[in-house]
Amino acid sequence: HIAVGDISSECRRQEFAVPRHVVMWLARDLTQLTLPQIGRAMNRDHASVLHGVRRVEREINDSVGFRAVVTGLQQLLLPLVGPSPTMIDAIIEEVVRLYQPMITAAIRRELETVVGTDQISPLMSPSR
């Protein structure tokens, strides 16, 4: 699981980097903030934000499951839209709260189409 602090941390592990990039993409999409403003709010420079936004855009185009997760988060966050940098804090909190369950559900759906529903339970059990 990820914590709010992991989103702005310097850790480059994928389990933190992907949700961090999703936050950057959502902040860019849902607010009127510039890349430097988003970067300052997340302890990054504008080039890092641009890189994160582009990675999410590529993944949205390549993965139906990822697209479903990101657009689901986008729809849930629409009521929070505003130009204030403090909106990033709300976006981070919601992504931390919702990302893991949503990505798990998306993976489950994709696996169901490949291996069938009856074989999913052992693959998705918490002990793995």
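The values are calculated or read from the model by the stated rules, or taken from the named source; none is laboratory data. In this text, all values refer to a predicted model and were calculated from it rather than measured experimentally. Positions of Cβ are backbone-derived with ideal geometry, glycine not excepted, and every protein chain shown enters the neighbour counts. When the accessible area is computed, the model is the full protein with side chains, heavy atoms only, and any ligands, DNA or RNA have been set aside. Shrake-Rupley method; radii C 1.70, N 1.55, O 1.52, S 1.80 Å.
What the table shows:
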item: Hz values of 3J(HN,Hα) by residue in the range 71-79 - Karplus curve (6.51, -1.76, 1.60), Gly and Pro given as x; result: 5, x, 4, 4, 5, 5, 8, 3, x
item: Residue 57 - accessible surface, heavy atoms, 1.4 Å probe, Å² rounded to 10; result: 80 Å²
item: For the range 56-68, 3J(HN,Hα) per residue [Karplus equation, 6.51 cos²θ - 1.76 cosθ + 1.60, θ = phi - 60°, Hz, x = Gly/Pro]; result: 5, 4, 4, 5, 4, 6, 8, 10, 5, x, 5, 4, 5
item: Computed accessible area, residue 87, all protein chains, 1.4 angstrom probe, square angstrom; result: 50 Å²
item: Solvent-accessible surface (1.4 angstrom probe) belonging to residue 29, in square angstrom, nearest 10; result: 80 Å²
item: Point-to-point label distance, residue 57-residue 32, nm (Cα→Cβ direction, 7 Å offset); result: 2.1 nm
item: Potential lengthening between residue 11 and residue 98 on full extension [0.36 nm per residue; Cα-Cα distance subtracted]; result: 29.3 nm
